[in-house]
Amino acid sequence: MSTKDKLNIIIAGPPASGKGTQCEMIVEKFGVVHISTGDALRAEVAKGSELGQQAKGFMESGGLVPDELIINIVKERLAEPDCQERGWLLDGFPRTGVQAEALEAAGIRPSHFILLDVPDDILVERCVGRRTDPETGKIYHLKYNPPPEDPEVQGRLVHRADDTEEAMQKRIGAYHENVRAIMPFYSNLHVKIDGTQEKKAIAGSI
Ligand code: AMP
């Protein structure tokens, strides 16, 4: 299979649209490399690296980190051999016209663009109950997708600092703006999926 036949997917969806869960399922089925810029940035913040320190304030307030902090990291990551060999699933990037342009300029075009669609009011409720297991990377919802009863897992669950209602409203607003900025680049590739369906049904649609 040539590089051209590889699955190179961009997935977009508002915060708490179920994007993380669908990414896990896509990786399992197609073996592509999952690159989440949100996860990568959170790892840098946790490490206390220079990038992490620069990004932290923007992230906690629900704003975007500046384009110049993130563009090169993504371009370099996509050029690595695993991405070239297995194809990739880019999650959370591009989020601005400048980021989409940077990919185009580097000759990086997806084969598919998936947009997970969920109404705003549902997103806020989902988000406030969301918890992540930092050890496995698994994402739960206290009501809709409860974590295992295991006290060890429950004890280490994290509620992200930007999963509050206030930061969430800001992130949803920013998301709509971001999608408007990047859609013109991918209008011929994009598939809209109803993200309110049950997770297996969403995976089936994808
Ligand atoms: P996410 O987990 O994708 O919601 O990302 C969490 C936070 O990381 C966002 O609210 C931004 O502050 C930052 N971030 C992630 N991806 C990007 C990006 N492509 N451009 C700018 N900031 C980003």
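The values are calculated or read from the model by the stated rules, or taken from the named source; none is laboratory data. Remember, it's a predicted structure, so these values are computed and weren't measured experimentally. Reconstructed Cβ throughout: ideal geometry from the backbone, glycine too, with neighbour counts over all protein chains shown. Keep in mind that these areas ignore ligands, DNA and RNA; they rest on the heavy atoms of the full protein, side chains included. Shrake-Rupley method; radii C 1.70, N 1.55, O 1.52, S 1.80 Å.
For V32, the criteria (1) at pLDDT 95 or above; (2) open to solvent by 40 Å² or more (accessible area, probe 1.4 Å) hold in every case but one, which is (2). Region 91-206 holds helices (runs of 4 or more DSSP H) entirely within its bounds, and those carrying 3 or more residues that are surrounded by fewer than 17 Cβ atoms within 10 Å (Cβ to Cβ) and acidic (D, E) map to 120-128, 165-186.
Hey, can you tell me all the residues within region 38-90 that are surrounded by fewer than 18 Cβ atoms within 10 Å (Cβ to Cβ), within 11 Å of the ligand (Cβ to nearest atom) and among the acidic types (D, E)? Within region 38-90, D39, E60, D67, E68 meet the criteria. Taking only pairs six or more apart or across chains, which ones have beta-carbon atoms under 6 Å, a first residue in region 28-57 that is free of Cβ contacts under 8 Å to residues at least 60 places away in the same chain, and a second residue that is of a type in the set (D, E) and buried (at least 18 other Cβ atoms within 10 Å of the Cβ)? As it stands, the answer is S36/D91; L51/E44; G52/E44, since those pairs meet every condition given.
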